[in-house]
Amino acid sequence: MDVYCGIDWAEDHHDIALVNRDGQLLARRRISDDAAGLAQLLDLLAEHGDTAEDLIPVAIETPRGLLVACLRATGRTVYPNPMAVARYRDRHTVSGGKSDHGDSVVLASILRTDIGFHRPLPADSELAQAIAVLARAQQDAVWDRTTAHNKLRSHLREYFPGFLAAFAEAKHGILRPEARTILAAAATPGDAAKLTAAQLRALLKKAGRSRGIDAEAARLRDAFRAPQMRQLPLVEQAMGRQTLALLGQLNAACAAADDLEHAATESFNQHPDAGIITSFPGLGALTGARVLAEIGDDRSRFQHAKGLKAYAGAAPITRASGKTKSVTHRKVKNNRLAAAGYNWAFSALTASPGARAHYDRRRDDGDRHAAAQRNLFGRLLGCLHRCLTTGQHYDENIAFPGTPEKLSQAA
């Protein structure tokens, strides 16, 4: 194709530029962000030789949105370049000027000169794209839940530390349903101290607890009635109202995370690659959905495992200049995939003898925990790339050949 298209994206309109192989501007247009604007764009592309057999590639600032989805549906190659425009702009102007039309020309010129250096949007299946939406939304909900939990915990420390102490030994602490249910009924130390054993039993049952209710109710009653420092009465009541507001945010985040987890795992289990992915030690349905969401199911996206490792941040990066050379971990990466990989590698330590031996060997060689775990993540990613390419399930003997004892002694 001798024509390239650049689109400068905006909220309510988009600037289009078409350039040829020699850099000559063929056409420019501003379209609206609706179906009529899309029709104008497709007509403009058709006027300059766009056909079903020879589609004009498109560079756009964002990788998401309705316009991108519709362009992908036509089968054309779409290159998202959200950061490249600022770096390429100086090649066309030294004055520092900027305009939407100018940026669209820059985007088209990026494809004209350096199309081979930019990664297009992968041709993932519709199911893989749906899993990506759900898995990323669930991960966002978990992060929101953590933020809401930290805010509530920090607030309780200022006036109700006895509540935190009452659930300090319980798994998940104040994230537990019974903790949130009791806090909703008694948001201040004074209200909590008035709760009777019968009321506490009723609240525990309401939260879904079915065992050890009497003993837990008695323990909580004693904990809430233990002497503790208190704020002034009016201040305490005001802080209790703030607690209820923060608790509402936490409850909403917990409900969203649980609902999206169910939806993500349900969709993931329908994908053909789910069996291969979950055959790996440490990869359950939810973590597997997060991994699939980021790597997709387009086999042409990562020709080699090395590219996948670099994308996930598991491959080191080398900087050399003259006699100076340094090898450090990669900071520019897919942060979602790196976060999922950290959980995956950590779980694999107890699920796979070979993974544990590999980690121990790296630690014996001087790596810190994070570096050894990142190296293990890279090893597992290489195995996953191989299994997805060949359609094989994980095999411990192939992934980590030799006995764990030999692995741990190898240097």
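Side notes on the structure shown:
- Take the conditions (1) more than 19 Å from the chain's Cα centre (by Cα); (2) part of a helix (DSSP H, G or I); (3) not small (G, A, S); P272 misses just one of them, which is (2).
- Checked against (1) open to solvent by less than 60 Å² (accessible area, probe 1.4 Å); (2) in contact (Cβ under 8 Å) with a residue 60 or more places away in the chain; (3) out of contact with any Asp or Glu (no Cβ under 7 Å at 6 or more places or on another chain), Q138 meets all criteria but (3).
- Scanning region 287-346 for residues that are open to solvent by less than 20 Å² (accessible area, probe 1.4 Å), assigned to a helix (DSSP H, G or I) and not hydrophobic (A, V, I, L, M, F, W, C) yields a total of 3.
- Hits in region 180-192 - residues which are aliphatic (A, V, I, L, M) and either touching a strand residue (DSSP E or B) at 6+ places or on another chain (Cβ under 6 Å) or open to solvent by less than 20 Å² (accessible area, probe 1.4 Å) (or both): I182, L183, A186, A187, A192
- In region 148-174, the residue that is farthest from L204 (Cα to Cα) out of those that are buried (at least 19 other Cβ atoms within 10 Å of the Cβ) and either touching a Lys or Arg at 6+ places or on another chain (Cβ under 6 Å) or not small (G, A, S) (or both) is Y159.
- Which listed residue is in a loop (DSSP other than H, G, I, E, B), over 17 Å from A123 (Cα atoms) and out of contact with any Ser or Thr (no Cβ under 8 Å at 6 or more places or on another chain), from G75, G49: G49
- Where a residue in region 375-395 is in contact (Cβ under 8 Å) with a residue 60 or more places away in the chain and its partner, wherever it lies, is of a type in the set (K, R) and part of a helix (DSSP H, G or I), with Cβ under 7 Å and at least six apart: N375/R362; G378/K309; L381/K309; G382/K309
- Residue match in region 4-24 (condition: part of a helix (DSSP H, G or I) and more than 31 Å from the chain's Cα centre (by Cα)): no
- Selection count where residues are closer than 18 Å to H155 by Cβ, open to solvent by less than 60 Å² (accessible area, probe 1.4 Å) and without any contact (Cβ under 8 Å) to a residue 40 or more places away in the chain, scope region 193-237: 0
- Helices (runs of 4 or more DSSP H) lying entirely in region 91-182 (those with 2 or more residues that are closer than 28 Å to A338 by Cβ): 100-114, 126-159
- So P122, is it surrounded by 15 or more Cβ atoms within 10 Å (Cβ to Cβ) and either on the phi < 0 side of the Ramachandran plot or free of Cβ contacts under 8 Å to residues at least 60 places away in the same chain (or both): yes
- In the set A357, A371, only one residue is touching a residue at least 24 places away in the same chain (Cβ under 8 Å), outside any loop (DSSP other than H, G, I, E, B) and either under 25 Å from the mean Cα position of the chain (by Cα) or exposed (fewer than 15 other Cβ atoms within 10 Å of the Cβ) (or both); that residue is A371.
The values are calculated or read from the model by the stated rules, or taken from the named source; none is laboratory data. None of the values given here were measured: they were computed from a predicted structure. We place every Cβ from the backbone using ideal geometry, glycine too, and count neighbours over all the protein chains shown. Note: areas computed on protein heavy atoms with side chains; ligands, DNA, RNA excluded. Shrake-Rupley method; radii C 1.70, N 1.55, O 1.52, S 1.80 Å.
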